[in-house]
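Enquirer: Submitted below is the structure of interest, expressed as structure tokens.
The values are calculated or read from the model by the stated rules, or taken from the named source; none is laboratory data. The model shown is predicted, which means the values in this text are computed figures rather than measured ones. Here Cβ is always computed from backbone atoms with ideal geometry, including for glycine, and neighbour counts include all displayed protein chains. Surface accessibility is based on the protein's heavy atoms, side chains included, excluding ligands, DNA and RNA. Shrake-Rupley method; radii C 1.70, N 1.55, O 1.52, S 1.80 Å.
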Amino acid sequence: MDDLTPVLVCAVLFIGLPWVILHYITKWKQAPRITEEDEKLLDEMQMLARRLEDRVMTVERIIAADNPDWKPGLGTTQSPYLSDQQSDRTSDRRN
């Protein structure tokens, strides 16, 4: 049994480990990638989401100005989608 252990260790290190690494590198290279068209679509959807969020925040400010008992939902928390400049800009605007 003692003579077999170094052979198994060498086989695992020099055959098994590179085989596993090369196998997953090949799988990674075969994985589908995002196309330019998909990237443009994602950018458009992100801009649309920001515009819609701005609209919701505007409506909430208008409602809050008209009804002091109303508690805004979206306007009280900062959105993770807004950048620091946009979140500062939206919190500074008042009706």
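Enquirer: Please go through the stretch 1-15 and pick out each residue that is part of a loop (DSSP other than H, G, I, E, B) and surrounded by 10 or more Cβ atoms within 10 Å (Cβ to Cβ). Walk me through how you get there before you give the answer.
Expert: Taking the stretch 1-15 and keeping what is part of a loop (DSSP other than H, G, I, E, B), we get 1-3.
Residues satisfying the conditions do not exist here.
Enquirer: Consider the stretch 17-49. How many of its residues are of a type in the set (Val, Ile, Thr) and outside any helix (DSSP H, G or I)? Give the steps one after another, and end with the answer.
Expert: Quick first cut of the stretch 17-49, residues of a type in the set (Val, Ile, Thr) only: 20-21, 25-26, 34-35.
From what's left, outside any helix (DSSP H, G or I): 34-35.
Count: 2.
Enquirer: Moving on. Only one of (1) at pLDDT 95 or above; (2) open to solvent by less than 100 Å² (accessible area, probe 1.4 Å) fails for Lys40. Which number is that?
Expert: So Lys40 meets the others, but not (2).
Enquirer: Of everything in the stretch 21-37, what is surrounded by 10 or more Cβ atoms within 10 Å (Cβ to Cβ) and aliphatic (A, V, I, L, M)? Give them in sequence order.
Expert: Residues satisfying the conditions are Ile21, Leu22, Ile25.
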